[in-house]
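Below is one structure, written out as structure tokens; comments come after it.
The values are calculated or read from the model by the stated rules, or taken from the named source; none is laboratory data. Please read these numbers as outputs of a predicted model, since none were measured by experiment. As a convention, Cβ positions derive from the backbone with ideal geometry for all residues, glycine included, and neighbour counts pool all protein chains shown. Heavy atoms of the whole protein, side chains included, go into the accessibility calculation; ligands, DNA and RNA do not. Shrake-Rupley method; radii C 1.70, N 1.55, O 1.52, S 1.80 Å.
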Amino acid sequence: MKWHIPVLAACMLGAAMPALAQDKPPAQPTRDVTVEYRLLDSDSPTSSVRERPLKVYWAKGGAHMRIEMADERSYVLLDRDARRMSLVLLDQRGYVETPYDPQRPTGFTVPPGIALVRGRNDVVAGNPCTLWHAKGDQGGGSLCVTDDGVVLRAQGYDEQHRGDLEATSIIYGPQPASVFAPPADFRKLDLSPRPAAPGASGAARKPG
């Protein structure tokens with residue numbers, strides 16, 4: 001099961017650096033919002049880059065998040081307060097839960113521990129944002145972030161711009177709680193490996 005989520009700290013912004021003391025944008029959206037993006041993505045470093053649409057929902061000051069890929073039969077739910085991630089599988093009519101570290105970058109937030117330098121103002125999808133530039137040991141990148149913490153553009157210095165992200169639509173408004181929960185009729189799945197039955201992996205012994 002493939003699920004692509006760009007991780008800025010690893011794929012775009014390079015190695016972490018000490019955070020600046022004051023001048024930094026909000027780490028995540030402070031208001032309920034739905035953002036549609038286009039992502040430049042590829043299956044491997046040698047395959048061609050393609051544009052993929054995706055949608056991200058936010059609520060409760062960034063504590064709740066939902067990520068949907070248009071061409072995937074699954075979506076991801078993050079609950080930072082509960083430290084939980086859920087992968088909802090539409091074809092299986094079920095979901096899988098795993099622990100989640102709220103400090104782990106998602107690619108749609110300002111990564112913690114990254115030194116940022118304020119740049120000029122810009123506009124993405126009709127919404128104003130501020131450019132923030134990062135520099136790490138393995139390269140650099142930039143983010144354009146609104147005053148209320150919505151990442152509208154994320155660009156790296158990869159020649160093919162693999163992993164670049166740009167918003168195409170931003171809609172503010174209250175989010176129903178059902179957006180951030182698996183459907184009520186879906187069952188929780190256990191995909192942990194099952195122990196093999198005794199003697200299943202070995203050849204049967206002959207009597208005598």
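Once region 34-53 is narrowed to residues that are of a type outside the set (V, I, T) and not in a strand (DSSP E or B), the residue that is surrounded by the most Cβ atoms within 10 Å (Cβ to Cβ) is S42. For region 73-84, does any single residue satisfy the condition of being among the acidic types (D, E) and at pLDDT 95 or above? Checked against the condition, which is being among the acidic types (D, E) and at pLDDT 95 or above, region 73-84 yields at least one hit. Out of all the residues in region 43-51, is one or more free of Cβ contacts under 8 Å to residues at least 40 places away in the same chain and either in contact with a Gly (Cβ under 7 Å, 6 or more places away or on another chain) or at positive phi (or both)? No - not one qualifying residue is present in region 43-51.
Of all residues in region 54-72, those satisfying the criterion of being open to solvent by 30 Å² or more (accessible area, probe 1.4 Å) and either touching an Asp or Glu at 6+ places or on another chain (Cβ under 7 Å) or among the hydroxyl-bearing types (S, T, Y) (or both) are K55, Y57, H64.
Can you pull out the residues in region 73-98 that are open to solvent by 30 Å² or more (accessible area, probe 1.4 Å) and either in a loop (DSSP other than H, G, I, E, B) or over 25 Å from T30 (Cβ atoms) (or both)? Listed by number, the residues that qualify are R73, D81, A82, R83, L87, L90, D91, Q92, R93, Y95, E97, T98.
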